[in-house]
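Below you'll find the structure, written out as structure tokens, and then a few comments.
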Amino acid sequence: MWVFGYGSLIWKVDFPYEEKRIGYIKGFSRRFWQGSTDHRGVPGKPGRVVTLVEDPEGCVWGVAYKLPTGREQEVKSYLDYREKGGYQVITVTFHPRPPLTPPPSQTLLYIGSQDNPDYLGPAPLEEIANQIVNSTGPSGQNTEYLFQLADAVRTILPEDSDAHLFSLETLVRERLQNVQKHSHTQTG
């Protein structure tokens, strides 16, 4: 059993696996449209984390993990709990880099669909950036999630020029610098 990671599963690998492969899936785009009230925000003030949205031209790079033989259900149960905040599991075709023969068969994917209660949907990037800057939850600041993901994608997946992710990272970093400058002028 393989699981495809496109968000925190790329950089926060807190589960056992037998092997991992870098690659992509087609037909989706990664977006910060999923609300997080259990990790990067709280009820009433959700953070924003990534989900995938259907996009016929889309291609999302990430990492597929082969769950340990004999422990698949145990590890999947842990991931089901970790990804409980509005995510459902679907099966996708994973395209490894470099191409393998044969490629991993069924690859599971956790996706926050539009009908889940934590789905926030599209919003102007500026609004998403503000929400990320101002959100913190049990797993930490929402900005950490964004920066860890952007750094991991840049490092592990240089082919991925995810404009949504990197534009959002730039906006959030600018906002944080402006907040720091503003606080220095008030205290100085």
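Roughly what % of Cα-Cα distances in the range 104-180 sit above 20 Å, to the whole percent? Walk me through the numbers before you get to the answer.
Values: 1291 of 2926 pairs.
Everything past 20 Å amounts to 44 percent.
In the chain, helical runs assigned H by DSSP with n ≥ 4 each contribute -39500 (n - 2.57); averaged across all residues and rounded to the nearest 500, the mean residue ellipticity at 222 nm is -10500 deg cm²/dmol. Paramagnetic label reach from THR170 (point 7 Å along Cα→Cβ; backbone nitrogen cut-off under 19 Å): within the range 29-60, residues 30-32.
Between the range 131-150 and the range 54-126, the C-alpha centres lie 20 angstrom from each other.
What part of the accessible area of the chain, given as a whole %, is carbon or sulfur when the probe is 1.4 angstrom? Using a 1.4 Å probe with all protein chains present, the chain comes out at 52 percent carbon and sulfur.
Protection proxy ranking for 10-16, 140-146, 22-28, 32-38, using the average of other Cβ atoms within 10 Å per residue and placing the highest first: 32-38, 140-146, 22-28, 10-16. Highest mobility in the GNM of the chain, judged by mean-square fluctuation with C-alpha springs under 10 Å and restricted to PRO43, PRO124, PRO68, is found for PRO124. A simple spin-label model places the labels of ILE22 and LEU125 2.4 nm from each other, with each point 7 Å out along Cα-to-Cβ.
In terms of distances greater than 24 angstrom between alpha carbons, the cross-link table entries LYS20/LYS76; LYS45/LYS76; LYS12/LYS181 yield LYS45/LYS76; LYS12/LYS181.
Can you work out the accessible area per residue across the range 39-86, with the rest of the protein chains kept in place, probe 1.4 Å, in square angstrom? If you can, show how the numbers build up before the last one.
On the way: 2280 Å² over 48 residues.
On a per-residue basis, 47 Å².
The values are calculated or read from the model by the stated rules, or taken from the named source; none is laboratory data. In this text, all values refer to a predicted model and were calculated from it rather than measured experimentally. Because the Cβ atoms are built from the backbone with ideal geometry, glycine has one as well, and the counts that use them run over all protein chains shown. Surface accessibility is based on the protein's heavy atoms, side chains included, excluding ligands, DNA and RNA. Shrake-Rupley method; radii C 1.70, N 1.55, O 1.52, S 1.80 Å.
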